[in-house]
Structure formats: structure tokens, C-alpha cells
1. Of 396, 175, 368, which is farthest along the charge dipole of the chain in the positive direction, counting Lys and Arg as +1 and Asp and Glu as -1 at C-beta?
2. Which of the lysines could a cross-linker bridge to residue 126, judged by Cα under 20 Å and excluding same-chain residues fewer than eight apart?
3. With runs of 4+ DSSP H residues as the only contributors, calculate the mean residue ellipticity of the chain at 222 nm using -39,500 (n - 2.57) per run, divided by the residue total and rounded to the nearest 500.
4. Where Lys and Arg each count +1 and Asp and Glu each count -1, what net charge lies around residue 66 among other residues with Cβ under 10 Å from its Cβ?
5. Can you compute the charge dipole magnitude of the chain about its Cα centre, using +1 on each Lys and Arg Cβ and -1 on each Asp and Glu Cβ, nothing else charged? Give it in debye, rounded to the nearest 20.
6. Under 5 Å between amide H atoms, partner at least 5 residues away or on a different chain: which partners does residue 368 have, H built in plane at 1.01 Å?
7. List, in order, the whole-Hz ³J(HN,Hα) value for each residue of region 28-37 obtained from phi through the Karplus relation with A = 6.51, B = -1.76, C = 1.60 and θ = phi - 60°; use x for Gly and Pro.
8. Taking amide H positions as placed in the peptide plane 1.01 Å from N, state which residues far from residue 340 in sequence (5 or more) or on other chains have amide H under 5 Å from it.
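Quick note: the coordinates plus some simple rules give every number you see, no bench work behind them. Predicted, not measured: the structure shown is a model, and the values here were computed from it. All Cβ positions, glycine included, derive from the backbone under ideal geometry; neighbour counts span all protein chains shown.
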Amino acid sequence: MFERFTDRARRVVVLAQEEARMLNHNYIGTEHVLLGLIHEGEGVAAKALESLGISLEAVRSQVEEIIGQGQAAPTGHIPFTPRAKKVLELSLREALQLGHNYIGTEHILLGLIREGEGVAAQVLQKLGADLNRVRQQVIQLLSGYTGGKGEGQPGEQAPQGSMVLDQFGRNLTQLARETKLDPVIGREKEIERVMQVLSRRTKNNPVLIGDPGVGKTAIVEGLATKIVKGDVPETLKGKQIYTLDLGALVAGSRYRGDFEERLKKVLKEIKTRGDIVLFIDELHTLVGAGAAEGAIDAASILKPMLARGELQTIGATTRDEYRKHLEKDAALERRFQPIYVDQPTVAHTIDILKGLRDRYEAHHRVSFTDAALVAAANLSDRYISDRFLPDKAIDLIDEAGSRMRIRRMTAPPNVREMDERIAETKLKKESAIDAQDFERAARLRDEERQLAEEKANREREWKSGEMDILSEIDEEEIAEVLSAWTGIPVYKLTEEETQKLLRMEDELHKRIV
């Protein structure tokens, strides 16, 4: 049952345990669960109780009045009373009755009210809170969040959250709001096209088709950023873009019907909300996903909703997978409008790298020269033929930054030498102690201290000299990383083309008579 608990509900259980310890009680009763619900402070339950004027101090004093303090603080595990266990079981029943597949703080409070006979219920009634009124308040608050759903992960104050969707995907709009997405450079035409297709009356489901690594997902992230900034048409304002993780939907569906039930819950949530655009990366995986013996796959469940226009979806897949899976399924294919995403040019890739430079510099604590970014785009385009821009160029600067960071953070030989000398002196000191030569052991102890001080000084010099100054990465480092990838001695080939051209006549004379 606890795996169904939201993070806040789990926190309530932990806080209930803390409250029991504070009151020196060697059990967790309904009164401690109530204290935990109020103490948590942010859940639907805490808000409902706060709106009824029930405070933590008032409940705590009532509990002390009814039960009193214990004799001594409990040690080890504190068990739940049978009545508290019953409350948790009732919270599951309340969640299922409301059509929720999780247990939130609201369900625990409803369970307390349903049980109705514990100390918690007595305390609420003593404080003038009618149990039916508390229940109505919780239901009223629930209907105000996420279209009748429970507490969303990003926080109840923002109705963008959705427990069901957060369980099986990520809210890209929320990530964009928190500036956790990388900037998208120069894909305005493709983002504009996606917005046009999404605003259509029919077939308003774009599918981005392009080679791996050309930036299909980045286009959707760019759209999420535009929605947050409000730089979108009226038809898309206030929309939430969620990625759907098919792996999470399929995982753990042991019995026939589990997968379909989960997917239908997600689709019901989307239909109820009406403000969600679903992003399905690797769209081809829908065909056959979750299909076991006698079961239907995800694509077949989605088709009717797509046909009725109840579901807005952005897909992303490669050309090969589109031909192999989606073109064969004519009914599914005609629900989507293809948008082809081409590999950016080298010049465009350089602009993308310049836009991402700050993120990679901050992560690796290095600085990239303009020449390094130009080299990354040009060399990856020339020498890595089995991958696509900008992905391969971004990987190149990322690895060059990682390589430089590791090199800088490895202690120099003079510091490592001190470690060896300290270890050697320590061994000699221990041998002297074993031989009961305490005079020699005392000398070696002093020597060990001096060596430790010297090591600390050397480390300080090394860190102040190098660690504070950002290492610069130029085209030579990029060429070295590329050589490690491909085995081609690129650093020998990075000689300027002008120099080669200047000597071309001499080179030709050597070979042609």
C-alpha cells in the first residue's frame, strides 16, 4: 500500500512518528496521524484543516489533555495502533472511490473522518470541526485542483500538476518555467510549423520526423519555453506539454489489462483537463507497446481519441521507423501530420554551440574559445559520418570539457608524492611502536605531522593557482578528443587550410615530374 503514497503522504507518516516521539508515546495512533497531516503544511489535508481554523498547537494541546505525555521517549521502531492501521486502509478505499490511483494527504484525512471513533476524531469535534464539514471542505478543495484530481507533484498552489501524468511522464512546461531546459537556437521555422499544426481543426497532431540527434525533442522543448513566455497563439496559451514514458506505463504490468488500465487513466486525465498536449518521443514504440496475448497495443487505444480530436499529441520518430511502423498502419498514420526536421548546417551548429556554451562552461568549470566551437562543428561534420549534427558536435564539446575537468582535478605529482611519503612514515612509526622504540616513534610522529603540513601547503598552492582559473579549451583539445573517438590523428590535420594551399605547388612538384 505504501508504494501508492505520494511524497507528501509519506512525509505525513514520518511526521506522525516524530510527533509520537515528542509526546513520549510508544505507538502511532490516529491523533499522531492528524498532527502529522497539519505539521506537513502543504497538502490538501493541511489546507482543508487550516481553512477550518484548526492549528497544530491547538490539536497538540488537546491530545495532551486527552492522553497526556508518556513517561520516557520510545526507542527503536514505533508501531501503528490497530485503529491507525484501519485509517490507512480506509484512505486507500477513499482514493479508489474518488478514482485516484495514489494515496495523498487528502485521502488519509478522509480515512480519519470515515473511521470516526479515534482520538483524532474526538479532537476535531472538540475544536468545533464537524466531521461532515471537514469532508466537504476536502472534496471542495480537491475539485479546485487539477480538474478534480488530487495534489499534483509541482505543488498545489499551481494547478498545472497532475499526479497520474507525473507518474508516467514529465511536465516540460514546468521544467521550462524552472529554466531546467537547454535553450533552443534557430529552430523557429519548425516550432512555428508545430504551432500551426496544433492549431488546426483536424489532423492537429504533428509528428517530427528526422535522423537521430538532429534536435526533434529540442523543438518540443522550445515550444514549451515559448508557452511559458506567452509567445504562442491564443489556441496554445495555458497549455501543458507532458512527455509520456511508455516504459513506465508497461513496467510492472504483470496481469492482462494492467497496461490498458494505466493508459486509459492517463487518457481520461488528459480528456478531463483539456489543457494537455502529449509528447510521445519514439512514436513508433506505440505500435505493439503493451500488447500481450489477448491484449491490444497502445496505438489501438489511442486511435479512437485521436480520431475524435480528444487528444492532442506531438510525436517524434526517425524516417526509418516511420516507414517501418507508422506508414504500415494507415489508420494511425492519417491522424498525424508529418513535419520533417533536417540536420542543421555547420554554420547553424556553431550558433547552437554558442547558445549552449554557458551551460557546459558552468558544468565543467572550463571556458570554450570560439575557435573550439567552430572546430567541434567542422571536425565532427567531416570525420564522424555515422551520426548527425548538432548532437555529435555537442557531444564533442561535452567530452572535451569533461576531459579537461578530470585532468585539472587530479592532484599533481608533487602532491601525490607527499601521500606516498606520509604512508611510508606511518608504517615506520607503527613498526617502531611494535618494537617498543618509543623515542624513534615520537620522531617519526613529528615527521609525519610536518609532511602532512607540507602536503596541505602544496594542495593550497595547487588549488589557488589552478582551480580558481578556468581552463581554456581550444581547437587542439577538441581535435584530441575526436582522435580518441575515431582513431584518426586529427590534431595533425588541423593545420590551417591556407598553409596547405600555399605549399601545394611544391608538394605537387615532388610527386609530378
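1. My answer, from the dipole projection, is 175.
2. 47
3. It lands at -18000 deg cm²/dmol.
4. Its environment carries a net charge of -2.
5. Result for the chain is approximately 2040 debye, rounded to the nearest 20.
6. The list, which skips near neighbours in sequence, is 473.
7. So the J values, rounded to whole Hz, are 10, x, 4, 5, 6, 5, 4, 4, x, 4.
8. 209
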